[in-house]
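Working notes, beginning with the structure itself.
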Amino acid sequence: MLVTVFVVLFFLMLALGLPIFFSMVLSSALPLFPGLVSFVQFAGWSVAKTMNATGVPIVLFIIAGQVMSSGKLTEKIYDVFNYFLGAKTGFMPIVCILTAMFYSSISGSATAVTAAVGGMCLPLLIEMGYDNAFCTSILMCAGVLGFLIPPSTPLTVVIGLADLDLTTGYYGGAVLGIAIGLMLIVYAYLYCLINGNGNPEVIMSHHNKIRAMGFAKVFSDGIWALLSPLIILGGIFSGLFTVAQAAVVSVVYGAIVSVMIYKTLTWKQCIDTIKEGLEVAVPLLVVLFAANILSSCLEALNAATVIAGLIEKSGAGAMLVTFMIMAALFVLGMFMDSGTACYMLVPIVLPVAFKLGVEPYHLLVGMVGIQSIGLVTPPVGLALFTMLPISKLSVGEISKKLWVPLILFILMCFAFTMFPGFTAWIS
């Protein structure tokens, strides 16, 4: 009975237009009234996980992404890929996709990757004669890989909410993110092969400017940017660092490289950038605070057992439930801010999925992946609206070239989640 009251209360608050934060917190106060929990226990829920091994890395990775973005590491990564691949037919868009993938493993933010890589690469690709709508669409899809490729902030949040191992979750995010990135590369190459490779003279002119810098200059500049994901993710996956320690290393490394090696920031600018990162992190921690309360409330109500029992009685299997969760997130992702639907649903659906035998890491990574698609679709797609002023195109013009990579993106997320046997080694 209490579970039903909770569900009705929660969604009624959302329907009335209350912010997600208040809907989560107010509905989660329900167990106080029948005396299932004390006020002290309820207050303890609010801080139990928010600034633990999940909350601290989130803040630090956001700060590191801000520092590295301001330190112009994106441009150094692009120059290295262009030096080696820029002269090959159809490879300039691929250079930009690879830049976005590498920068995703530094930033942890899809919108930051889209703004940094899209803002730098799109004008260059248009100047080289590539189709504007095509380039905008693939740069948006490549940019939102920052939602998946570690140290993705949304992935860190949902793995933390589930109280699972961050390193294992990062493996899953890396596998799906890289797979989608490779798919985008194949699509971009085939598109250029069929529709032409832009203006060869302009492409070679741009490429030759970078080649004229010489291998030693390009590599010595780019190596510090290229090493950052290898140090951070390599340290995590090898067991050299915990995720929290890797987050600290990423901030220190980004500051040293930006200030002392590239000299793109002063120490004062670096401190200002860290403050900006904290301002970005605080709203996310507020949502995490509410989601942790929601998770603890559902546990107190024994909601997972109740809901799983109802699903089993209905005859729905684990695969159908997984499909319905993914479909719901795909729709919600188009109408909610990035990550919000995941943060809201994870405390509700994951315990039920556990009861039904769904593989948790594949489900969580797939949920993050499918919601990231909302970043490139109206009405609230942050990546889409980041690229609109750069491309000077309408949403309709971009959509004509967006649907193919978008469908491939969706299929990859569903396949990863629905058929975990193909990547069972992750967990």
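The values are calculated or read from the model by the stated rules, or taken from the named source; none is laboratory data. Quantities reported herein were computed from a predicted structural model and do not represent experimental measurements. So basically every Cβ, Gly included, is an ideal-geometry build from the backbone, and we count neighbours across all protein chains shown. For accessibility, only protein heavy atoms count, side chains too; no ligands or nucleic acids. Shrake-Rupley method; radii C 1.70, N 1.55, O 1.52, S 1.80 Å.
Values for this structure:
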{"quantity": "FRET efficiency estimate (nearest 0.05) - Cβ-Cβ, residue 323 to residue 400, R0 25 angstrom", "calculated": "0.30"}
{"quantity": "In sequence order, calculated HN-Hα J values of the stretch 191-207 (Karplus, 6.51, -1.76, 1.60; Hz; x Gly/Pro)", "calculated": "4, 5, 5, 7, 9, x, 10, x, 9, x, 5, 5, 4, 5, 4, 5, 5"}
{"quantity": "Surface accessible to a 1.4 Å probe, per residue, for the residues of the stretch 107-222, Å²", "calculated": "33"}
{"quantity": "Cα gyration tensor, the stretch 68-108 - rounded (a/c under 1.5), prolate or oblate", "calculated": "prolate"}
{"quantity": "Most positive-pole-ward Cα, 223, 239, 254, against dipole of the stretch 138-279 from beta carbon charges", "calculated": "223"}
{"quantity": "Positive minus negative residues near residue 269 (Lys, Arg vs Asp, Glu; Cβ under 14 Å)", "calculated": "+2"}
{"quantity": "Point-charge dipole on Cβ atoms (K/R +1, D/E -1) for the stretch 99-230, about Cα centre, debye to 20", "calculated": "280"}
{"quantity": "Local net charge near residue 364, Cβ-Cβ under 12 Å (Lys/Arg +1, Asp/Glu -1)", "calculated": "-3"}
{"quantity": "Separation of the residue 127 and residue 223 label points, Cα + 7 Å toward Cβ, nm", "calculated": "2.9"}
{"quantity": "Surrounding net charge for residue 191, when Lys and Arg each add one and Asp and Glu each subtract one, Cβ distance under 15 Å", "calculated": "+2"}
{"quantity": "Surface accessible to a 1.4 Å probe, residue 23 within the full protein complex, Å²", "calculated": "0"}
